[in-house]
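> Structure incoming, see below.
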Amino acid sequence: MKSRLIRLRLAPFAGALAVAVLLLSTSVQSAQEGADATGDAQLLANCPVIGDAKSEKAKQVNVFKRRMTIPTTAEIDHHATLEAVLAPGDDTKRWTQDTGATFEGYVAGVLEGGSESVNCHTNSEAYKDTHIELALNPNETDKSKYIVVEVTPQVRQRESAAGRDWSTGTLKKELLGHKVKITGWLLFDAEHVGNAINTNPDGSRIWRATVWEIHPITSIEVEN
């Protein structure tokens, strides 16, 4: 956008007209984004725990993704450390979704999630999941060594009511590159079996070590 403005130095009137058109376009875009966000807020508020999934398998996974309870100390699997969950090999049945876990590692990435059935296909950032990529080592760039943990929009809203900002932008600013302690529920996201090296070692589109996640995240602590 800046390079376009630099090129519009033709004449005072032409420049002013171009800027006016640009501002009008930006205003229209902002209004549309606001309308989309309002619509997504209502969509999410009315979204059932199974989301708008069609298959029974997806409905079952969505119920796990939409948990709002916080795992108690007794429900935390203390064997499910980041090191253990990242261990190589087929880990399909290594853990259980009925327990929680705490991972300590370095934040390699913070990304806006996609439009998913669990959130009834919302499109606005505030009403989608936030994906946090964790690694054992700082400055790790090999995605096949990452684990994905996720903030859900429902938990984000609860945290916001308590005065904590878990928006994607804020989490990226505050967590990227830092060592953190993440607690929440274990989840086997079968949708990504083909993208994890543990379940698809010969795959060509690998961007994670395992499909096991902490999802949803219920606690975030920055350690350094």
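> Just checking, which of A37, A45, A108 is at pLDDT below 95 and surrounded by 10 or more Cβ atoms within 10 Å (Cβ to Cβ)?
Of the residues listed, the single one that is at pLDDT below 95 and surrounded by 10 or more Cβ atoms within 10 Å (Cβ to Cβ) is A37.
> Regarding T199, is this residue surrounded by 17 or more Cβ atoms within 10 Å (Cβ to Cβ), assigned by TED's automatic domain parsing to the domain that holds L136, more than 14 Å from the chain's Cα centre (by Cα) and assigned to a loop (DSSP other than H, G, I, E, B)?
Yes.
> I've got another one for you. Tally up the residues in segment 158-195 that are under 22 Å from D90 (Cα atoms), in a strand (DSSP E or B) and touching a Gly at 6+ places or on another chain (Cβ under 8 Å), please.
Matching residues across segment 158-195 total 2.
> For segment 164-176, check the following and say yes or no: at least one residue is assigned by TED's automatic domain parsing to the domain that holds K93 and closer than 25 Å to K54 by Cα. I'd like the intermediate steps shown before the answer.
As a first pass, look at segment 164-176 and keep what is assigned by TED's automatic domain parsing to the domain that holds K93: 164-176.
Okay, now just the ones that are also closer than 25 Å to K54 by Cα, so none.
Looking for residues that are assigned by TED's automatic domain parsing to the domain that holds K93 and closer than 25 Å to K54 by Cα, one finds none in segment 164-176, hence no.
> Out of V155, V118, report the one residue that is in a helix (DSSP H, G or I), within 14 Å of S219 (Cα to Cα) and in contact (Cβ under 8 Å) with a residue 12 or more places away in the chain.
Working: V118 fails: within 14 Å of S219 (Cα to Cα).
Residue meeting the stated conditions: V155.
> Report every pair of residues separated by at least 6 positions or lying on different chains whose Cβ atoms are under 6 Å apart, first residue within segment 39-64 and of a type in the set (G, A, S), second crowded, with 18+ Cβ neighbours inside 10 Å and in a loop (DSSP other than H, G, I, E, B).
Within 6 Å, the pairs are G51/C120.
The values are calculated or read from the model by the stated rules, or taken from the named source; none is laboratory data. What you are looking at is a predicted structure, and each value in this text was computed from that prediction instead of being measured. A quick note on method: Cβ atoms are made from the backbone with ideal geometry, for glycine too, and the neighbour counts reach across all protein chains shown.
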